[in-house]
Amino acid sequence: MTTDAADRPPVRLATRGLTVGYGDRTVIDGLDLELPGGAFTVIVGPNACGKSTLLRTLARLLAPRSGTVLIDGAELHAQPTRELARRLGVLPQSPVTPEGLTVADLVARGRQPYQRWFRQWSGEDSAAVERALRLTGLGDLRDRPVDALSGGQRQRVWIALTLAQDTDALLLDEPTTFLDLAHQVEVLDLLRRLNRDGGRTVLAVLHDLNQACRYADHLVVMKDGRVTAQGPPDEVMDAACLAGVFGLGGVVVPCPVTGAPMIVPDAPA
């Protein structure tokens, strides 16, 4: 039987001298980064700054050209695949759904890391799938074909699959893609609950700076493949960061609801 995530030590991810790229292009060069275990960390930055590249490398979807990714002090790329899949749940950008699967079928694939020839489907697997469907509000759609759903519904199915893995950490690349505002808030509220109540380490790439500041415990700001600032949002996000990283004029004020930093851009000339 698996141990509840809240009873396990939080996952800690780090890089040492990390260099990653595509073809002849280097995106990240010599990056040293330490991410806090048990925190909700959000990576932000302008387009093509290396956010998704960093997350994909931390998720072992990309191999470094040089340097090392560490999980709890051990080399990530040396970990057995099945064991790592029990520790890291990963939602990439625009995942491809196999044809003909129902919602419940796809979510059930999150239990594959726990299957063995001597351990087939169990009550524990069923309970994990049911919990993931409930948390993502997909119970009524469980028998619907995934390819018949809206983009937002499909995104929630993929999030449910990562939840069914019952991992100690969740890495999500733009998890609110295709979602309307209400469902964006639902998903981010869910991730925060999983972090706070379940003890999971959560790492997400987000484009919306106000949402990033509202939900993150730890904010990582990137530009041109480098981390320019990191820390609590109220210590990181200010007018200088807006101008220097995003080329955006404006002010940063406390959100009247949460007190988190809220960006108010300058009015156009």
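Comparing Gly73, Gly123, Pro113 along the charge dipole axis of segment 50-127, the residue lying farthest to the positive side is Gly73, per the Cβ-charge model. Here the calculated FRET efficiency for Val253 and Arg25, from their Cβ-Cβ distance with R0 = 30 Å, stands at 0.20, rounded to the nearest 0.05. Site pair Asp32 and Asp189 shows an inter-label distance of 4.2 nm when each label is modelled 7 Å from Cα along Cα→Cβ. Each listed q (0.11, 0.15, 0.19 Å⁻¹) maps to a log10 I(q)/I(0) for segment 129-255, found by the Debye formula over equal Cα scatterers with no solvent: -0.45, -0.77, -1.08. Hull volume per residue, based on the alpha-carbon atoms of segment 53-136 and their convex hull, is 144 Å³.
Per-peptide packing, taken as the mean over residues of other Cβ atoms within 10 Å, places 56-62, 168-174, 254-260 in the sequence 168-174, 56-62, 254-260 from highest down. Multiplying the residue separation of Arg86 and Asp234 by 0.36 nm and subtracting their alpha-carbon distance yields 49.9 nm. Largest GNM mean-square fluctuation across Gly100, Gly199, Gly23, computed for the chain with C-alpha springs under 10 Å, falls on Gly23.
About its Cα centre, the chain has a charge dipole of approximately 600 debye under the convention of +1 per Lys or Arg Cβ and -1 per Asp or Glu Cβ, with nothing else charged. Loop-located chymotrypsin sites (Phe, Trp or Tyr not before Pro) in segment 21-123 (DSSP state other than H, G, I, E, B) with a sparse environment of at most 12 neighbouring Cβ atoms within 10 Å: Trp117, Phe118, Trp121.
Stretching the chain fully between Asp147 and Arg16 yields a gain of 43.1 nm (0.36 nm per residue, less the alpha carbon separation).
By accessible area, using a 1.4 Å probe on protein heavy atoms only, segment 113-227 has 51% of its surface on carbon and sulfur. Fully extending the segment from Asp224 to Gln79, taken as 0.36 nm per residue of separation minus the present Cα-Cα distance, adds 49.2 nm.
The values are calculated or read from the model by the stated rules, or taken from the named source; none is laboratory data. What you see is a predicted model; the values in this text were computed from it and never measured. No Cβ is skipped: glycine too gets one built from the backbone with ideal geometry, and neighbour counts run over all protein chains shown. The area values use the complete protein model at the heavy-atom level, side chains included, leaving out ligands, DNA and RNA. Shrake-Rupley method; radii C 1.70, N 1.55, O 1.52, S 1.80 Å.
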